[in-house]
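Trainee: Just dropping this structure here.
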Amino acid sequence: MKSWINTKFWATVARIILRNRILILLILAAITALMVNQWQHMRFTYTEANLLPDDHEVNIAYNEFLDVFGEEGNLIVLAVKDSTLFTPEKLNAWNKLSKRFNAFPEVDVVVSLENLQKLTKDKQAKQFTLEPLIDAPLETQQEVSQIKEELFEKLPFFESLLFNKETQTIRTAVYLDKEIVNTAVRKDFIFDEFIPAVEEFEAEEGLDVRVSGMPYVRTLNSQNIIDEIGKFIGAALLVTSLIFFFFFRSFRATFISICVVTIGVMWAFGTLGFLKYEITVLTALIPPLIIVIGIPNCIFLINKYQQEVKKHGNQALSLQRVISKVGNATLMTNVTTASGFATFILTNSKLLKEFGVVASINILFIFLLSLLIIPVIYSFMALPKYKHLKHLNKRWIGGFVDWMERMVRHHKIAIYGISVTLLIISMIGIYQIKISGSLIEDMPKKAAFFDDILFFEEEFNGIMPVEVMIDTKRPKGVMRLSTLKRMDELGELIQETPELSDPISIVNLVKYSKQAYYNGKPKYYQLPSSQENNFILSYAKKSSSDADLLKSFVDSTGQIARMTTFMKDVGTDRMERIEEGLEAKINKLFPEDRYNVSMTGKALVFSKGTKYLVNNLVISLSLAIFLIALFMAYMFRSARMILISLIPNLLPLLITAGMMGFLGIPLKPSTILVFSVAFGISVDDTIHFLAKYRQELLANHWKIRKSVYAALRETGISMFYTSIVLFFGFSVFMISSFGGTVALGGLVSATLLFAMLSNLLLLPSLLLSLERNIANKNVLKEPAFDIIPEDQEEEVSQQEEKVSP
């Protein structure tokens, strides 16, 4: 039975494929139509990537915050830093713009100069009331100057929220309806209403309006992802088809390959729709990945077909040998590649899990498409002409193969020496790798919204919210003076941290209430004493205005308060130091028996997610190595062969990691993908080489040297072709405007180039050096798959003559 599987299975597969050509094409057409129908279910993501599993403590804390205070990432900010704004005409236009935003149903509230309300004391009613700072359009420069003086000198409550006193930058805060923040309505509002209104204002007034905030940034960033999908697919098709044609000099072979990968891309989109997965910054990479990975399949199959045609000119026998000789090796290479992507499924990160599922499934799909379409299409065509086979005799290719054989034959010591040297240098570089948990680092640096992010970091210390939630464990416990003093002391530490903006909380409102109680004098903007607190609270209890303001800072029971600050884009290390400092202060100020205090916010969640992924990198990569080692064990039944096959593929990964350290490329969600992806792909060359090597061992009666050189000569050309296609194919990602995608493309390309040289030079050298140990017939006497003996091939060939055109 086992012998039948090894020698007859692929011959049977070849017979089935070639005898049912029309049926296979009809089935593929039907499946493709069904996949295209699933495109209607594709959705684009409207939220940030959450890299943590749902049950992670950081996610639990964040969701608890959302349950109490709702979505915290609903703020869009606009700012103008221009002295000419302080004229009646332009300030009126600025206020009119704010009023226009407030009229949109998608907007919850706008806080701006136009509707700024001053807190004042009504002595007769003994309560606080709100009075507008601007109650009518401004007509004179003197009115503007009075407003400006009152704003900057007498209203510290609004500093950092609506203005920067030092630079005189004016800001407007637009809070979107929390129900639309993570929906397509947000995108439509920003592109159809918000941006046109801002551009109209800029054109009419000649002012440069800076815009930022997480909803705005997420919308423009998502649109960039959508725009790049088409660019990647087009570029990948162009680059890989040009290289393919350069190698094969055949429009027919190039067209067939493009058809195969195009159908693969259609199936990839259909898979996303069928599984109801969102298109994210990672899943957007899958269609071009399918092109890049599918073309090497086509190269191996077409190259083998042309070699067979050149050898004996029998089309039926050539097609049968393509399937029977290359089919199993190609299956194994695609399975190992899919395994590299499938390891992401075990990370518990929804983002990576979905990426791993779709990528691994479609890599197996592209294998099936290649195996079915290429032999069937060629069976309807005439034999390739001599000009289409000339590439097999190109001098420069022959020279490259001769150089490889010469290096392996005469310079093994030099190959080992260079490998060990690179390993040592790489280990030094690995120790210099840093981790980055930046939320904006991978965003397009040339985009206008990225410049605006930097502007708000400079003027207002960032846009990424960090929240501190304080549970006093008793109703109305927030308003106790002891709690307010503790919060104020924590706020002072936040103010002293240069990477954080001034905090906003109930403490600011209480200070503002004391200032209002003392007739608006700025020197009284401070927490009240115990005695003052009673008087001020008596005013506040009668004031509906205070109750409205409280909703933003305290829950309905008065038990839980929030402190909101905004963080600059800092690295993971610095963010961890800041977090440690705040936690130490929190533990000191808020006893656990009286308070539950937690820190959360999108910036912290993303940073923790990056750290989580890095910790899981070793696990996922180890699993990939283990799975591929199992495949090698299945193929060769030898522990030494497993070791020999892994060494040439681990060395390129270490070299790439060393490059990252020396070039200052940090570990982040995008670059973490490099190792598992590159390892799964680079092992393909090893499998093709070793499969041919073992076939040659059987044919050459276990003569190691002869088998190694024969395998090097036959597979070297295909390995070179596929590696070049993969190198330039992944290089396509370097045209991206996203830093992470650029790093992914560059690093995977470099890794695969190193892997090609490693498999063509180091692997044969290892086989020759250990030939006495591995040339044990007992070890390999029952191989996982064999070449089909010539007499059986001739028999199958005669059978297939019936279906040949």
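Trainee: Just to be sure I understand the model, the point goes 7 Å from the Cα along the line to the Cβ. What's the resulting His312 to Glu153 distance in nm?
Mentor: 10.0 nm
Trainee: Still on this structure: Across 5 Å bins from the origin, how do the percents of Cα pairs in region 636-698 run, short distances first?
Mentor: Here the calculated profile for region 636-698 is 4, 15, 22, 20, 14, 10, 8, 5, 2, 0.
Trainee: If you don't mind, another one. Please give the peptides 734-747, 177-190, 146-159 ranked by average Cβ packing (other Cβ atoms within 10 Å per residue), highest first, as a rough proxy for protection. Don't jump to the answer; show the numbers that get you there.
Mentor: Values: 734-747: 20.9, 177-190: 17.6, 146-159: 15.9.
Top of the packing list down: 734-747, 177-190, 146-159.
Trainee: Given a 1.4 angstrom probe, I'd like the percentage of the accessible area of the chain that is carbon and sulfur, rounded to a whole number. Spell out each step's value before the answer.
Mentor: On the way: 19200 of 33210 Å².
Result for the chain: 58 percent of the exposed heavy-atom area is carbon or sulfur.
Trainee: Please give the per residue accessible area of the chain, computed with a probe of 1.4 Å over protein heavy atoms only, in Å². Could the numbers behind the result be given before it?
Mentor: Values: 33210 Å² over 805 residues.
In whole numbers, the chain has 41 Å² accessible per residue.
Trainee: Report, in cubic angstrom per residue, the convex hull volume of the C-alpha atoms of the chain.
Mentor: Details: hull volume 146.3 nm³, N = 805.
Taking the convex hull of the Cα positions in the chain, it is 182 Å³ per residue.
Trainee: So what's the angle, to the nearest 10 degrees on a 0 to 90 scale, between helix 572-589 and the longest Cα principal axis of the chain?
Mentor: The two axes meet at around 40 degrees.
Trainee: Which of the residue pairs Lys99/Lys148; Lys304/Lys353; Lys126/Lys165; Lys90/Lys521; Lys96/Lys445; Lys485/Lys602 have a Cα-Cα distance greater than 24 Å in the structure shown? Don't jump to the answer; show the numbers that get you there.
Mentor: Working: Lys99/Lys148 19 Å; Lys304/Lys353 36 Å; Lys126/Lys165 32 Å; Lys90/Lys521 29 Å; Lys96/Lys445 32 Å; Lys485/Lys602 27 Å.
Lys304/Lys353; Lys126/Lys165; Lys90/Lys521; Lys96/Lys445; Lys485/Lys602, as the Cα separations exceed 24 Å there.
Trainee: Work out the length of the dipole vector of the chain about its Cα centre, built from +1 on the beta-carbon of each Lys and Arg and -1 on the beta-carbon of each Asp and Glu, and round it to the nearest 20 debye.
Mentor: Numbers: 82 positive and 82 negative charges, 806 e Å.
With only Lys, Arg, Asp and Glu charged at Cβ, the dipole is about 3860 debye.
Trainee: Could you compute the FRET efficiency for Leu768 and Ala33, with r as their C-beta to C-beta distance and R0 at 41 Å, rounded to 0.05?
Mentor: Details: r = 52 Å, r/R0 = 1.27.
The computed FRET efficiency comes out at 0.20.
Trainee: Please state the relative contact order of the chain as a whole percent: Cα pairs under 8 Å, 6+ residues apart?
Mentor: Values: 1223 pairs, mean separation 162.3, N = 805.
Relative CO of the chain lands at 20 percent.
Trainee: List the residues, sorted by chain then number, that are 5 or more residues from Val107 or on another chain and whose placed amide H is less than 5 Å from its amide H.
Mentor: Answer set, sorted by chain and number: Asp177.
Trainee: Apply the Debye scattering formula to region 434-478, with a single equal point scatterer on each alpha-carbon and no solvent, then give log10 I(q)/I(0) at q = 0.18, 0.19, 0.25, 0.27 Å⁻¹.
Mentor: -0.67, -0.71, -0.97, -1.05
Trainee: Taking the 0 to 90 degree range and rounding to the nearest ten, how far is the long axis of helix 327-342 tilted relative to the main principal axis of the chain, both from C-alpha atoms?
Mentor: Its long axis makes an angle of about 20 degrees.
Trainee: Rounded to the nearest 500, what is the 222 nm mean residue ellipticity of the chain from helices alone, with -39500 (n - 2.57) per DSSP H run of 4+ residues and division by all residues? Mind dumping the intermediate values first?
Mentor: Numbers: 30 runs with 510 residues, N = 805.
Only helices count here, giving -21000 deg cm²/dmol.
Trainee: OK, next. Which log10 I(q)/I(0) values does region 254-359 give at q = 0.14, 0.15, 0.18 Å⁻¹ under the Debye formula, counting every alpha carbon as one identical point scatterer?
Mentor: These q points yield log10 I(q)/I(0) values of -0.64, -0.71, -0.90.
Trainee: Rounded to the nearest 0.05, what FRET efficiency do Ile60 and Val420 have when you use their Cβ-Cβ distance and R0 = 56 Å?
Mentor: Numbers: r = 48 Å, r/R0 = 0.85.
Efficiency, from the Cβ-Cβ distance: 0.70.
Trainee: Only sites in a loop by DSSP and with at most 11 other Cβ atoms within 10 Å count here; which trypsin sites (Lys or Arg not before Pro) in region 189-257 make the cut?
Mentor: Numbers: sites: Arg210, Arg218, Lys231, Arg249, Arg252; in loops: Arg249.
Counting only loop positions with at most 11 other Cβ atoms within 10 Å, none of the trypsin sites (Lys or Arg not before Pro) in region 189-257 qualifies.
Trainee: Using the Kirkwood radius over Cα pairs, work out the Stokes-Einstein diffusion coefficient for region 153-258 at 20 °C and 1.002 mPa s, in µm²/s as a whole number. Walk me through the intermediate numbers first.
Mentor: Details: Rh = 18.3 Å.
Translational D for this selection: 117 µm²/s.
Trainee: Using only the alpha-carbon atoms, how far is helix 790-800 inclined from the longest principal axis of the chain? Give it as 0 to 90 degrees, nearest 10.
Mentor: That helix lies at roughly 70 degrees to the long axis.
Trainee: Give the cross-link partners of Lys325 among the aspartates and glutamates, using a straight C-alpha distance below 16 Å as the criterion and excluding same-chain residues fewer than 8 apart.
Mentor: Glu308, Asp684, Asp685, Glu696, Glu714, Asp786, Glu790, Asp791, Glu793, Glu794, Glu795, Glu800
Trainee: Quick one: if you stick a label point 7 Å off each Cα along the C-beta vector at Ser552 and Phe728, how many nm between them?
Mentor: If labels sit at Ser552 and Phe728, their model points lie 5.7 nm apart.
Trainee: Sticking with this one: Would you list Glu199, Glu499 from the most to the least accessible area, probe 1.4 Å?
Mentor: Numbers: Glu199 110, Glu499 30 Å².
Putting Glu199, Glu499 in descending order of accessible area: Glu199, Glu499.
Trainee: Order the peptides 478-490, 508-520 from the highest to the lowest mean number of other Cβ atoms within 10 Å of their residues. Mind dumping the intermediate values first?
Mentor: Working: 478-490: 18.5, 508-520: 20.3.
Highest mean packing first, the order is 508-520, 478-490.
Trainee: Can you figure out the FRET efficiency of Phe251 with Arg577, using R₀ = 51 Å and their beta-carbon distance, to the nearest 0.05? Intermediate results must be reported in sequence, preceding the final value.
Mentor: Values: r = 60 Å, r/R0 = 1.18.
The computed FRET efficiency comes out at 0.25.
The values are calculated or read from the model by the stated rules, or taken from the named source; none is laboratory data. Predicted, not measured: the structure shown is a model, and the values here were computed from it. So basically every Cβ, Gly included, is an ideal-geometry build from the backbone, and we count neighbours across all protein chains shown. We work out accessible area using only protein heavy atoms, side chains counted, and drop any ligands, DNA or RNA first. Shrake-Rupley method; radii C 1.70, N 1.55, O 1.52, S 1.80 Å.
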